[in-house]
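Notes follow the structure.
The values are calculated or read from the model by the stated rules, or taken from the named source; none is laboratory data. If you're wondering where the values come from, they're calculated on a predicted model, not measured in any experiment. Heads up, the Cβs are rebuilt from the backbone with ideal geometry, glycines too, and the neighbour counts pull from every protein chain shown. For the accessible areas, the whole protein counts, side chains as well, though only heavy atoms, and no ligand, DNA or RNA atoms are used. Shrake-Rupley method; radii C 1.70, N 1.55, O 1.52, S 1.80 Å.
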Amino acid sequence: MERTLVLLKPDCVQRRLMGRVISRFEEKGLNIIAMKMLKVTPDLAKQHYAEHVTKPFYPGLEKFITASPIVAMVVEGLEAIRVVREMLGATSGLKAAAGTIRGDYSSSRQMNLVHASDGPEAAAREIGLYFRPAEILPYEPTLMPWLKAGDEK
Ligand code: CMP
């Protein structure tokens, strides 16, 4: 099982798309094992987006991500990091394929609704930025026998 950090960004919350996006992860069979609403501070934004801080779009990205509450989640499942990234689609909502979350709901490079970790190291680092270990509550869904075969690891 893999874990990934998912953020429902300010545009997702403001546009009342939280339920639809969360439903897509649930319907896929992924398990949400931690969730909270918070406001990202400029300091947290700089830590989260450390690799983008020097990019020309960073000031606008920080203003956007700190403007309004977000929802942070830890999502668990087989190959969850890749599976969730593919469900989101390309970074820009203008390029994301129809059928993906961004492809269906975003028409922006910046306001792309959802963030998800891009690899195992990023996932571990980002989960640690948003959640204390005690806030992560893994559980076995009772319908697990109907989500995957017992020998699928
Ligand atoms: P995310 O997947 O959270 O990772 C970095 C974020 O920066 C990205 O989603 C977008 O919100 C934003 N971003 C990436 N490229 C651009 C761009 N060219 N212009 C504006 N914002 C961008």
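Among ILE65, ILE136, ILE81, which one moves the most in a GNM of the chain with springs linking Cα atoms closer than 10 Å? Evaluated over the chain, the most mobile residue of the options is ILE136.
Peptides 54-62, 34-42, ordered by how many other C-beta atoms sit within 10 Å of their residues on average, highest first, read 34-42, 54-62. Charged side chains reduced to their Cβ positions (Lys and Arg at +1, Asp and Glu at -1) give the range 2-140 a dipole of some 560 debye around its Cα centre. Rounded to the nearest 10 degrees, the angle from helix 120-130 to the longest Cα principal axis of the chain is 70 degrees. Length gained on full extension, ILE32 to TYR139: 37.6 nm, using 0.36 nm per residue less the C-alpha separation. Note on LYS9: lysines with a C-alpha under 28 Å away, same-chain residues under 8 apart excluded, are LYS28, LYS36, LYS39, LYS46, LYS55, LYS63, LYS95. Quick note on the chain: its Rg to Rh ratio, both from C-alpha atoms and Rh being the Kirkwood radius, is 0.96.
Taking the protein heavy atoms of the chain in the context of the full set of protein chains, the accessible area attributed to carbon and sulfur is 55 percent at 1.4 Å.
Within the range 119-153, the chymotrypsin sites (Phe, Trp or Tyr not before Pro) that combine a DSSP coil assignment with at most 11 other C-beta atoms in a 10 angstrom radius are TYR139. Extension gain, LYS39 to LEU78, is 11.1 nm, computed as 0.36 nm per intervening residue step minus the present C-alpha separation. Can you give me the C-alpha center-to-center distance between the range 98-142 and the range 43-80, rounded to a whole angstrom? Result: 10 Å between the Cα centres. Within the straight-line cut-off of under 20 Å between alpha carbons, the aspartates and glutamates reachable from LYS148 are GLU2, GLU26, GLU27, GLU76, GLU79, GLU86, GLU140, sequence neighbours fewer than 8 places apart in one chain being disregarded. For ALA90 and ARG109, the difference between the fully extended length at 0.36 nm per residue and the C-alpha to C-alpha distance is 5.9 nm. Considering only THR54, MET18, LEU30, and ranking their Cα positions along the charge dipole of the range 9-70 that arises from unit charges at the beta-carbon of Lys, Arg, Asp and Glu, the one farthest toward the positive end is MET18. A simple spin-label model places pseudo-atoms 7 Å from Cα toward Cβ; at ARG132 and VAL53 they are separated by 2.5 nm.
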